[in-house]
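Okay, so here's the structure we're looking at.
Rule-based calculations on the coordinates, nothing more; no lab input. Note that the structure is predicted; figures quoted are calculated from it, not measured. Every residue, glycine as well, gets a Cβ built from its backbone with ideal geometry; the counts of neighbours run over all protein chains shown.
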């Protein structure tokens, strides 16, 4: 199955799709805790959002890599058996005997693209919904562990639960206060992180 040419043409659109998915995932996550993240996002944050999502946890990276390989292997398996009725039904290929080799390759390239797009959409939406729901639940039930210490430029400090950071803002909750705070990076001197944090944070 020769997908290389078609994949090269789709790469720019593929990254654009990933960027849109990254924005969608971030918007869904922050919406569940009452923040319109687009008001606090730079173009650089938008461009790196899909990479940040895919590398946020080893499990996410492994699952994504496995899904990409599966998305390629499935159409490849079907194209090798395109003369079988069951393979034609699964792939939606009709009358393969009347199609040229190029037309068959194009059909399976489209199949790969559709599987890949639907899979990534499900992955990003699932991460955004799951993380946002989990965090909002912990906030409501007061189950957060304030295991970071934020030191401000004016000399003050407070124990916090860090939700996330981007290129210009910190998003966090202070101990004893359930309101989410957004602080510009310029107002922060440093962030103290213990060697062992009992609750993982969204990167």
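Each of residue 122 and residue 65 was given a label point 7 Å from its Cα along the Cα-to-Cβ line. The distance between the two points is 2.1 nm.
In the stretch 24-112, one over the average inverse separation of all distinct C-alpha pairs is 16.3 Å, which is the Kirkwood hydrodynamic radius. Between residue 77 and residue 134, the simple label model (points 7 Å from Cα in the Cβ direction) yields a spacing of 2.9 nm. Extension gain, residue 31-residue 51: 0.36 nm per intervening residue step, less the Cα-Cα distance, totals 5.1 nm. Each of 21, 44 was scored by other Cβ atoms within 10 Å of its Cβ. Arranged with the fewest first, they read 44, 21.
Using the alpha carbons alone, the radius of gyration of the stretch 148-192 stands to its Kirkwood radius in an Rg to Rh ratio of 0.92.
Each Cα pair under 8 Å and six or more residues apart adds its separation to the average, and for the stretch 148-192 the resulting relative contact order is 41 percent.
Would you mind computing, in nm to one decimal, how far apart the modelled labels at residue 16 and residue 43 are, each placed 7 Å from Cα along Cα→Cβ? Rounded to a tenth, the inter-label distance reads 1.6 nm. For the chain, the Kirkwood radius over C-alpha pairs fed into Stokes-Einstein at 4 °C and 1.567 mPa s yields D = 66 µm² per second. Residue ranges 79-86, 26-33 sort as 26-33, 79-86 when ordered by packing (mean number of other C-beta atoms within 10 Å per residue, highest first). Secondary-structure-derived ellipticity at 222 nm for the chain, considering helices only, amounts to -19000 deg cm²/dmol, per-run term -39500 (n - 2.57) for DSSP H runs with n ≥ 4. For residue 178 and residue 88, the difference between the fully extended length at 0.36 nm per residue and the C-alpha to C-alpha distance is 26.8 nm.
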